[in-house]
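**Student:** Questions regarding the structure given below will be posed in turn.
The values are calculated or read from the model by the stated rules, or taken from the named source; none is laboratory data. From a predicted model like this one, the values you see are computed outputs, not experimental measurements. We place every Cβ from the backbone using ideal geometry, glycine too, and count neighbours over all the protein chains shown. Protein only, heavy atoms only, side chains kept; ligands, DNA and RNA dropped before computing areas. Shrake-Rupley method; radii C 1.70, N 1.55, O 1.52, S 1.80 Å.
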Amino acid sequence: MCLKESSTVEFKRALTDRVKHEIIAFANTHGGELYIGIDDDGSIIGLENAHETLEKVSNMLHDSIQPDVLVHTHLLVETIENKEIVKISVSRGSRRPYHLKSKGMNSSGAFIRYGTSVTNASEEGYYINLGLLFSDQCDHSIKCASYFGNDKLDFQDRKEFTGSLLTHIEKVYEYLSFYNAKSAHFEGLKRIEQESFPSYALREALINAVTHRDYSFSGSILIHLFQNRIEIVSVGGLVKGLTFEDIDLGISQSRNPKIVNVFYRLKWIEIYGTGLQRIKKVINTVRNNHFGQLGQMHL
């Protein structure tokens, strides 16, 4: 097996603190693969206890690097030439710049890959994580799809929205409004207009999904518009420690408090954890007023 170091491949004879620098550099640049148990010239040295080394690497990454880089790494023990080595595959991180916890977010603790070398990042051109999300360089997206029926067999339209979180919300809300069919009926001389889905509930659900998704994952928020319902799938699930029963009781814990603060200053949200309850209330109010057939929302 012929192995050679490159901009995306690095060898280490043994586990040392330099491994942290290499992984940070891969996550901040274009990703790559790090092999422990292989010499710089590609010679297979092997490890006496590869599985123990793998566990040490996992603990090292968890304890020493911010933001959490483990979600962008895959560790395994491989056998090459009858010798065990540890292979660490690192993808380009979604919450750059990654850095050493002990150094904080500055050039002495952040690293990038330059050819086959690792160097300190100057931080120029990097946003802090929050700034990146609100910039046009944000690499997250929302994918919307509308269907002719009540299943995913027959597409009517599909669209992906990119850019800053603000652009996400504005453009996706326009998209949802376009497909939010309107009808009307008369009560006496008064013309009463009705939407398939209350605009307030749509707006609240959309902002909630963007505010509380887990941005350590690269997957998109998914919105499916069926004829009888809308499904909004936000990445990350419930914040650890919360249950659906807690949410029904009004208990709230934000996953992204800085995003919450920005949206609060924009007067897009309140900060009392009442969003889902308000969505339920407005839908129930419309139903109780007998405004025809109202679609369902699944969050």
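**Student:** Can you sort H30, H62 by 1.4 Å-probe accessible area, starting with the largest? Write out the running numbers ahead of the final one.
**Tutor:** Numbers: H30 145, H62 110 Å².
Sorted by accessible area, descending: H30, H62.
**Student:** Using alpha carbons only, how many degrees (0 to 90, rounded to 10) separate the axis of helix 165-179 from the longest principal axis of the chain?
**Tutor:** The angle comes out near 40 degrees.
**Student:** Hey, another quick one. For the chain, report the translational diffusion coefficient in µm²/s to the nearest whole number, using Stokes-Einstein at 20 °C, 1.002 mPa s, and a Kirkwood Rh over Cα pairs. Intermediate results must be reported in sequence, preceding the final value.
**Tutor:** Numbers: Rh = 22.3 Å.
It diffuses with D of about 96 µm²/s by this estimate.
**Student:** Can you list the HN-Hα couplings for the stretch 138-143, worked out from phi with the Karplus curve (6.51, -1.76, 1.60; θ = phi - 60°), rounded to whole Hz and with x for Gly and Pro?
**Tutor:** With coefficients 6.51, -1.76 and 1.60, one gets 4, 9, 9, 8, 10, 10 Hz.
**Student:** Cβ neighbours within 10 Å, averaged per peptide: list 259-267, 103-111 in order, most packed at the top. Spell out each step's value before the answer.
**Tutor:** Working: 259-267: 14.7, 103-111: 17.1.
Output ranking for 259-267, 103-111: 103-111, 259-267.
**Student:** For the chain, what is the mean residue ellipticity at 222 nm derived from helices alone (per DSSP H run of n ≥ 4: -39500 (n - 2.57); sum divided by total residues; nearest 500 deg cm²/dmol)? Can you show the working numbers first?
**Tutor:** Numbers: 8 runs with 88 residues, N = 299.
Rounded to the nearest 500, it is -9000 deg cm²/dmol.
**Student:** What net charge is computed for the residues neighbouring G42, neighbours being all others with C-beta under 10 Å from the C-beta of G42, Lys and Arg scored +1, Asp and Glu -1?
**Tutor:** -3
**Student:** Keeping every protein chain present and rolling a 1.4 Å probe, give me the accessible area per residue for the chain in Å². Don't jump to the answer; show the numbers that get you there.
**Tutor:** Working: 16450 Å² over 299 residues.
Ligands and nucleic acids excluded, the result is 55 Å² per residue.
**Student:** Please report, in Å, the Rg and the Dmax of the stretch 213-252, where both are computed over Cα atoms only.
**Tutor:** 12.8, 35
**Student:** In whole Å and largest first, what semi-axes does the C-alpha gyration tensor of the stretch 1-128 yield when each eigenvalue is scaled by 5 and square-rooted? Show your work: numbers first, answer last.
**Tutor:** Values: eigenvalues 126, 47, 25 Å².
For the stretch 1-128, the semi-axes come out at 25, 15, 11 Å.
**Student:** With r defined as the distance between the Cβ atoms of R158 and S254 and R0 fixed at 35 Å, what FRET efficiency is calculated, to the nearest 0.05? Mind dumping the intermediate values first?
**Tutor:** On the way: r = 31 Å, r/R0 = 0.88.
That gives a FRET efficiency of 0.70.
**Student:** Hey, any idea what % of the chain's accessible area is carbon plus sulfur with a 1.4 Å probe? Numbers along the way, then the final one.
**Tutor:** Values: 8210 of 16450 Å².
Roughly 50 percent, rounded to a whole number.
**Student:** Roughly how tilted is helix 50-64, in degrees to the nearest 10 and between 0 and 90, from the longest Cα axis of the chain?
**Tutor:** Its long axis makes an angle of about 60 degrees.
**Student:** When the gyration tensor of the stretch 112-247 is built from Cα positions, what are the square roots of 5 times its three eigenvalues, in whole Å, from largest to smallest? If you can, show how the numbers build up before the last one.
**Tutor:** On the way: eigenvalues 283, 57, 48 Å².
For the stretch 112-247, the semi-axes come out at 38, 17, 16 Å.
**Student:** Another question, then. Report ³J(HN,Hα) in whole Hz for each residue of the stretch 195-200, in order, from the Karplus equation J = 6.51 cos²θ - 1.76 cosθ + 1.60 where θ = phi - 60°; Gly and Pro get x.
**Tutor:** 9, 4, 10, x, 4, 4
**Student:** I've got another one for you. Measure nothing fancy, just the Cα-based angle from helix 18-28's long axis to the longest principal axis of the chain, in degrees from 0 to 90, nearest 10.
**Tutor:** Taking the Cα atoms of the chain, the angle to 18-28 is about 40 degrees.
**Student:** If you restrict to DSSP beta bridges whose two residues both lie in the chain, what percentage is antiparallel, to the nearest 5? Before the final figure, lay out the partial values.
**Tutor:** Values: 38 of 50 bridges.
Bridges in the chain that DSSP calls antiparallel: roughly 75 percent.
**Student:** Next up: With θ set to phi - 60° and the Karplus curve 6.51 cos²θ - 1.76 cosθ + 1.60, what are the ³J(HN,Hα) couplings of the stretch 244-261 in order, to the nearest whole Hz, using x for Gly and Pro?
**Tutor:** Whole-Hz 3J(HN,Hα) from phi for the stretch 244-261: 4, 5, 4, 5, 4, 7, x, 6, 10, 9, 7, 7, 10, x, 6, 5, 4, 5.
**Student:** So what are the radius of gyration and Dmax for the Cα set of the stretch 128-203, in Å?
**Tutor:** When restricted to Cα atoms, the stretch 128-203 yields Rg and Dmax of 16.8, 58 Å.
**Student:** Grab the other residues whose beta carbon is less than 15 angstrom from that of N261, score K and R as +1, D and E as -1, and report the net. Don't skip to the answer; put the middle values down first.
**Tutor:** On the way: positive: R255, K258, R265, K267; negative: E270.
Once all neighbours under 15 Å are counted, the net charge is +3.
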